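Below is one structure, written out as structure tokens; the observations come after it.
The values are calculated or read from the model by the stated rules, or taken from the named source; none is laboratory data. Predicted model only: the values in this text are computed from it and were never measured. A quick note on method: Cβ atoms are made from the backbone with ideal geometry, for glycine too, and the neighbour counts reach across all protein chains shown.
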């Protein structure tokens, strides 16, 4: 569910007309709904009710400070994968004891900053990282709390580029070596083992891979406890999918996902951490764009928009689908037409959709890409020297620009020319 609905033929973001935002900030832009962000976070809270838990929002999905603050104010923790995300979380007011640090390539400087500033845990991904973290912690006369990410060799049946739980993926340590590496960790004076971490992939639309992976984690928990480790926290990652195509059946609900967690891990007396990102932010955002031209080719029509692959790269990168809807609701009886929906970037890959059935549209009309709140603005670039586009947050009948569009001068002046040129 989201809070982007038609009223009297016009698309609204909560109680604000999308066309009014476009008139104020120009196109293209992202717009996020506070009510949707809050509702989706609370769905996970309800799913884990009755268990000790922390819902850690995966900031890589959308790391705007206003989004982080919105969720942090509800009590959310944060899952970060870089020191930049860590510092953003702190800047948004999230305390260190609600921040977990994931990622395969943490540097010593990043570890030092997080240990100094406060951290809930490091999700350690390799033996070299474990040794480096131990050295940093000892240099600060601290003990670093860690979970070790194990790779359960479970195929999540998701897109090749977002699968993370198979033995050939770069993440975590093989579950077959977990007991040996936990023994090594327990012997390091700068390390405190607090739990186990697992994450098998993103945009999962079936609960079976979760159940398979969590069953392996339950068995490993019992083994590690028998070995003498105080396993008291299980970080289960994220990955629950969202319905990018409204015509398709909906993915499992957070409540169903919570039931899997309770069934497989509920008897272990562990605190549960989960790291949802896409399901919290994805359907909470739109990308709004304007039609520049409707171009007739030899055998097809092209809808040329003022947004491009540098603004929303998912269709080009993953072949991803986003529903595209007109901001002004089409009248009854209008026959949809097939369009190739493209942007102005000089790449054939700058294509959002091919032969997509859409209502008749004309130059100057506004269209909206649904489910664009996750992995949209955070993956944007200035390719073709196109400035990053604004982000807008709506709450009720109010809206505010939460990242402004830079001027061309600001973009140009970030570069410098050496004196000898």
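Can you name the residue in region 282-310 that is in a loop (DSSP other than H, G, I, E, B) and out of contact with any helix residue (DSSP H, G or I) (no Cβ under 8 Å at 6 or more places or on another chain) and, of all such residues, is surrounded by the most Cβ atoms within 10 Å (Cβ to Cβ)?
The extreme case among them is 307.
For the subset of region 262-281 comprising residues that are assigned to a helix (DSSP H, G or I) and touching a helix residue (DSSP H, G or I) at 6+ places or on another chain (Cβ under 7 Å), which member is surrounded by the fewest Cβ atoms within 10 Å (Cβ to Cβ)?
Step by step, filter region 262-281, then rank; the result is 268.
Take residue 209 and tell me if it is at pLDDT below 95 and more than 25 Å from residue 101 (Cα to Cα).
For residue 209, the condition - at pLDDT below 95 and more than 25 Å from residue 101 (Cα to Cα) - is not met.
Regarding region 398-416, can at least one residue be identified that is buried (at least 22 other Cβ atoms within 10 Å of the Cβ) and modelled with pLDDT of 95 or more?
Scanning region 398-416 turns up at least one residue that is buried (at least 22 other Cβ atoms within 10 Å of the Cβ) and modelled with pLDDT of 95 or more.
Could you grab me the full set of residues in region 195-208 that are closer than 19 Å to residue 266 by Cβ and surrounded by fewer than 21 Cβ atoms within 10 Å (Cβ to Cβ)?
Scanning region 195-208 gives 207, 208.
Taking residue 229 and the conditions (1) surrounded by fewer than 20 Cβ atoms within 10 Å (Cβ to Cβ); (2) touching a helix residue (DSSP H, G or I) at 6+ places or on another chain (Cβ under 6 Å); (3) not in a loop (DSSP other than H, G, I, E, B), which numbered condition does it fall short on, given that it satisfies the others?
Status for residue 229: all satisfied but (3).
Tell me, which residue of region 83-111 that is assigned by TED's automatic domain parsing to the domain that holds residue 143 and assigned to a helix (DSSP H, G or I) is surrounded by the fewest Cβ atoms within 10 Å (Cβ to Cβ)?
In this case the residue turns out to be 109.
Name the residue that is modelled with the lowest pLDDT, counting only residues in region 157-192 that are surrounded by fewer than 23 Cβ atoms within 10 Å (Cβ to Cβ) and part of a strand (DSSP E or B).
Selected residue: 163.
So if I check each of 325, 367, 313, 341, which one is under 28 Å from the mean Cα position of the chain (by Cα), under 18 Å from residue 202 (Cα atoms) and in contact (Cβ under 8 Å) with a residue 12 or more places away in the chain?
313
Checking residue 143 against (1) over 20 Å from residue 58 (Cα atoms); (2) surrounded by fewer than 16 Cβ atoms within 10 Å (Cβ to Cβ); (3) at pLDDT 95 or above; (4) out of contact with any strand residue (DSSP E or B) (no Cβ under 7 Å at 6 or more places or on another chain), which test does it fail?
(4)
Considering (1) modelled with pLDDT of 95 or more; (2) touching a helix residue (DSSP H, G or I) at 6+ places or on another chain (Cβ under 7 Å), say which one residue 154 fails and leave the rest.
Only one criterion is unmet by residue 154, namely (1).
Only residues that are in a helix (DSSP H, G or I) and without any contact (Cβ under 8 Å) to a residue 40 or more places away in the chain: list them for region 125-153, please.
Hits for region 125-153 are 128, 129, 132, 139.
If a residue must be in contact with a strand residue (DSSP E or B) (Cβ under 8 Å, 6 or more places away or on another chain) and under 19 Å from residue 379 (Cβ atoms), how many such residues does region 394-421 contain?
Total satisfying the criteria: 3.
May I ask you to say which residue of 402, 389 is part of a strand (DSSP E or B) and under 23 Å from residue 60 (Cβ atoms)?
402
Please determine whether any residue of region 251-261 is outside any helix (DSSP H, G or I), touching a residue at least 12 places away in the same chain (Cβ under 8 Å) and either buried (at least 24 other Cβ atoms within 10 Å of the Cβ) or touching a helix residue (DSSP H, G or I) at 6+ places or on another chain (Cβ under 8 Å) (or both).
Scanning region 251-261, I find at least one residue that is outside any helix (DSSP H, G or I), touching a residue at least 12 places away in the same chain (Cβ under 8 Å) and either buried (at least 24 other Cβ atoms within 10 Å of the Cβ) or touching a helix residue (DSSP H, G or I) at 6+ places or on another chain (Cβ under 8 Å) (or both), so the answer is yes.
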